[in-house]
Amino acid sequence: YVAAVYEHESILSPNPVALVERRAALELMGRNLDIYEQQVLTAARQGAQIIVFPEDGIHGFNFTRSSIYPYLDFVPHSHSGKWNPCREPHLYNDTEVVQRLSCMALKNKIFLVANLGSKQPCERSEPRCPSDGRFQFNTNVAFGADGALLATYRKHNLYFEYAFDTPAEPDYAFFDTPFAGKFGMFTCFDILFFEPAVSLITQYNLKQIVYPTAWMNQLPLLSAVEFQQAFSTAFNVNILAANIHHPTLGMTGSGIYTPVKSFIYHNMESYGGKLIVAEIPVITADYKTNLETTPGRVSEKEKGKEQSPPFFYAEMMYDNFTFVPLWGEKGELQVCANSLCCYLNYQRAVLTDELYALGVFDGLHTVHGTYYVQACALVKCGGLSFSTCGQEVTDATALIDFQLWANMSTPYIFPLLLTSGITLDFADHMGWKNNHYFLSKNRTSAGLLTAALYGRWYEKD
């Protein structure tokens, strides 16, 4: 099928904490919706059957609970497809944004997914009802090619979004299409948690995901395109990911991903939006990726070394990693933390003047969210001293053949493979063998930035 995602440079309120009238809020959102309208038309002309827009793309961010109120639409929370906002605009009040989105879908005969703020009145006597008498949700809406509202999703894992409430129960949101079956949806930070993302995919056996996000890149392990690709590979799903474009805030990185190929956009240099349109295969339940478990040797014993490189500690992703450096053009390394041991066999084509290190972390990550991580990462360091390992690096020249493996305690492992200029590569082989998960690659397409096994041990969150 042909899919489109739009990385949108949103027009932001100059003063998001100021209280404004609904009319002024609609005027600002209208300017973003005008851009959406052009992009939907362009995508439809290129044959796209579905288009996805980013999180916060219509209203922006950094609001307070009260200042966002005029920007909120009323969105009935249902999965029915019974209401067509474009054809029945007067069914509910305060649905101007939803109506415009519905009409874009209808006019261009395209499935459309967008993110907006929604409100839902509640009785103050209700146990969870906020004191102002309403819930405010970060909401995705999906429309059919006829403009009908097919599904809504209220974001469950909020990322410092004080304007919004968390729904009492996680939403499992999906909708049906004639061209690729069911699509599931969740938003941004949700991708790192079990509920609802993993639950949704496994419970309903979903193979296509739409993913609005407003993601701030964090190298070396959590840049947008890197993790979006890893998620697609780990769960064997197609992902249509639309990010916001604000390079000054570190926000860029969108794509259309399959487990074996991706069409990505990552651009920290220039401004303006970017439309990606790509044709991808529908994944059916029996479609197999290159997740095989035959090749690769896992050596249980370590050979005696002439001179073992030293262990050192450095902070990476706000976590205290234990590292060991890669010395020479080839070698075998091992590094452990808690119950997790990482092993690496490597060979460099040419010795470059670049320091690489193998790092391990097994513990609770507590900065910008709390979640348990098991990570084994081969990274390029920022400079030549050990203290630079874990820094954000975007360029590399070293071509390294490697096999990386670890005795992971969780089945949820995201294989990361990032190359120079924030480009992606795909492993030759990966999978389980002898209770170890491994990832191997001969000759990356560009200099290696990161090769990692990023494990999420959800039960220990």
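The values are calculated or read from the model by the stated rules, or taken from the named source; none is laboratory data. None of the values given here were measured: they were computed from a predicted structure. A quick note on method: Cβ atoms are made from the backbone with ideal geometry, for glycine too, and the neighbour counts reach across all protein chains shown. Protein only, heavy atoms only, side chains kept; ligands, DNA and RNA dropped before computing areas. Shrake-Rupley method; radii C 1.70, N 1.55, O 1.52, S 1.80 Å.
Some points to look at:
- Interchain or long-range residues, amide H under 5 Å from Gln218's placed H: Ser223, Ala224
- Computed over protein heavy atoms with a 1.4 Å probe, the accessible surface of the chain works out to 39 Å² per residue.
- Taken over the C-alpha atoms, the stretch 170-296 has Rg and Dmax values of 14.8, 46 angstrom.
- Under the Debye formula (equal points on every Cα, no solvent term), log10 I(q)/I(0) of the stretch 312-460 at q = 0.09, 0.11, 0.16, 0.18 Å⁻¹: -0.24, -0.36, -0.80, -1.03
- The chain: proportion of alpha-carbon pairs further apart than 29 angstrom, %: 48
- Global geometry of the stretch 355-410, whether rounded, prolate or oblate, following the gyration tensor of its Cα atoms and the 1.5 cut on a/c: oblate
- The stretch 409-441 and the stretch 335-394 have Cα centres separated by 14 Å.
- For the pair Leu351 and Ile11 in one chain, pulling the backbone fully straight at 0.36 nm per residue adds 117.7 nm over the alpha carbon distance.
- Alpha-carbon centroids, the stretch 142-159 and the stretch 58-80: separation in whole Å: 13
- Residue-wise HN-Hα couplings along the stretch 444-454, as the Karplus relation 6.51 cos²θ - 1.76 cosθ + 1.60 with θ = phi - 60° gives them from phi, are 5, 6, 8, x, 7, 9, 9, 10, 8, 9, 9 Hz; Gly and Pro carry x.
- Rounded percent of accessible protein surface that carbon and sulfur make up, the stretch 14-116, 1.4 Å probe: 52
- Sequence-ordered 3J(HN,Hα) estimates for the stretch 347-362 from the Karplus curve with 6.51, -1.76 and 1.60 and θ = phi - 60° stand at 8, 9, 5, 9, 6, 9, 7, 9, 9, 10, 9, 9, x, 9, 9, 9 Hz, glycine and proline given as x.
- Cross-linked pairs Lys433/Lys460; Lys82/Lys109; Lys82/Lys207: Cα-Cα separations exceed 19 Å for Lys433/Lys460; Lys82/Lys207.
- Net charge contributed by nearby residues that have their C-beta within less than 13 Å of Ala180 (K/R +1, D/E -1): 0
- Nearest-0.05 FRET efficiency for Asp428 and Ser385, computed from C-beta distance (R0 25 Å): 0.20
- On the basis of the beta-carbon distance and an R0 of 22 Å, Phe179 and Glu88 show a calculated FRET efficiency of 0.30.
- Residues in the stretch 322-331 carry Karplus couplings, in order, of 9, 10, 9, x, 8, 10, x, 8, 8, x Hz; the curve used is 6.51 cos²θ - 1.76 cosθ + 1.60 with θ = phi - 60°, and Gly or Pro positions show x.
- Relative contact order for the chain, counting Cα pairs under 8 Å that sit 6 or more residues apart, in percent: 13
- The heavy atoms of Met216 offer some 100 square angstrom of accessible surface to a 1.4 angstrom probe.
- In the stretch 340-447, Cα pairs under 8 Å separated by at least six residues give a relative contact order of 27 percent.
- Convex hull of Cα atoms in the stretch 25-87, direction-averaged projection (nm²): 5.7
- Note on the chain: helix-only mean residue ellipticity at 222 nm, from DSSP H runs of 4+ residues weighted -39500 (n - 2.57) and normalised by residue number, equals -3500 deg cm²/dmol.
- Taking the 1.4 Å solvent-accessible surface of the stretch 134-229 as the whole, the part contributed by carbon and sulfur is 56%.
- Solvent-accessible area assigned to carbon and sulfur over the stretch 312-460 amounts to 48 percent, based on a 1.4 Å probe.
- Using R0 = 22 Å, the C-beta based FRET efficiency linking Ser199 and Glu126 works out to 0.30.
- A simple count of charges around Leu26, restricted to other residues whose Cβ falls under 13 Å of its Cβ and scoring Lys, Arg +1 and Asp, Glu -1, yields -2.
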